[in-house]
1. If each of residue 312 and residue 142 carries a label point 7 Å out from its Cα toward its Cβ, how far apart are those two points in nm?
2. How long is the gain from residue 183 to residue 53 if the chain were fully straight, where each residue apart is worth 0.36 nm and the alpha carbon distance is subtracted?
3. Test of understanding: what is the full-extension gain from residue 19 to residue 386, defined as 0.36 nm times their sequence separation minus their Cα-Cα distance?
4. Put a dot 7 Å past each Cα toward the Cβ at residue 211 and residue 266; how far apart are the dots in nm?
5. May I ask you to list the residues of the stretch 18-42 whose amide nitrogen lies under 20 Å from a point 7 Å from Cα along the Cα→beta-carbon direction of residue 394?
6. Go ahead and run the numbers for FRET between residue 240 and residue 165, Cβ-Cβ distance against an R0 of 22 Å, rounding to 0.05.
7. Quick one: angle between helix 196-213 and the longest Cα principal axis of the chain, in degrees between 0 and 90, rounded to 10, please.
8. Using a ≥ b ≥ c from the Cα gyration tensor of the chain (square roots of the eigenvalues), is it rounded, prolate or oblate, where a/c under 1.5 gives rounded and otherwise the larger of a/b and b/c decides, a/b for prolate?
Ligand SMILES: [Zn+2]
């Protein structure tokens, strides 16, 4: 059978659930030796590898999930570079790109991104799509077609990333109604400096619209070096006042890093109490924020993952932009993201909370059927590396095999 197989591999202990774990061989980097078999695309057996002193030559991961990307503008760097490498210039070059944007161009970039993502080991992606008032609507019909086209290989979720004002226009309301059928998410940007009263009004309308059509919200919020947590505080005020339950994701949430630890923990508790999920985006934050041309600045805010997790907030780590005015590098490769992020944020790969933010939290964020734990009965969706230690995972000559529903994809 083509979608069946068996392999001996190392799996991070926190990413697998084994019924009979008495004889489990777990090494000092929390990798355990297992024998894994699959039939008809699902794991049929997962058991400890008993042979002592025999260490598998593979590390097996569940296929990855990208919690935050922008497939509508990826690979536009060549045409629209941002050589100053700061936020304002990124925004201004992004607006230049909008002037030449067509549905055809968006689809080409999206397909290129998705093909790379599948090949590199992703099984699901949430992507924001720039959305503005005077844009034709045909792009959405085409994007939902693309979502269907890729559905056997990759689950794709869209967020309409629009100015907050958009959601109170006729076009905004129409799109929200369309999304109630097509399961889209409504998005926006809340970054200081802003008019507090006006932002409260706009956010309130957006939340009420989401509530009306039972939609989720995903905000680019506090991607900033000034007014730490200003956007989050306004959002919490609005939620408190409206007293409605809308699923909300805060993407970035970078500037709260500049608050005192106690205030971060207090805000974290409010975030958790309101079931708000957070996506940390270290790559773009470290690249764009507080960029100084003459000094080496280490004061670059990123969502304080450890403090938020301590407050029981569900935090995912995402990649964000790929080769566009916001970030010139990347390749829809989860190992590139991990290789940069793990040392950058001092996250130990042998710890459960680190791997949770990369594998398990994103699965909850995207409401995926499979939580990402390797266990009997789970999909045979793996990325298997020629590797024996974490050092091999973060090396430059990575050799990987991607399995989709039990079949070798590449
Ligand atoms: Zn983004």
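1. Label-label distance for residue 312 and residue 142, simple model: 4.6 nm.
2. Details: separation 130, 0.36 × 130 = 46.80 nm, distance 5.03 nm.
Result for the pair: 41.8 nm of gain on full extension.
3. Details: separation 367, 0.36 × 367 = 132.12 nm, distance 2.62 nm.
So the chain would gain 129.5 nm between residue 19 and residue 386.
4. 2.6 nm
5. Output list for this probe position: 27-32.
6. Working: r = 23 Å, r/R0 = 1.03.
Efficiency computed from Cβ-Cβ geometry: 0.45.
7. The angle comes out near 60 degrees.
8. Values: a/c = 1.67, a/b = 1.51, b/c = 1.11.
Judged from the Cα gyration tensor, the chain comes out prolate (a/c at least 1.5, a/b above b/c).
Here, each number is a calculation from the coordinates, and none is a lab measurement. Remember, predicted model here, so these are calculated numbers, not experimental data. Reconstructed Cβ throughout: ideal geometry from the backbone, glycine too, with neighbour counts over all protein chains shown.
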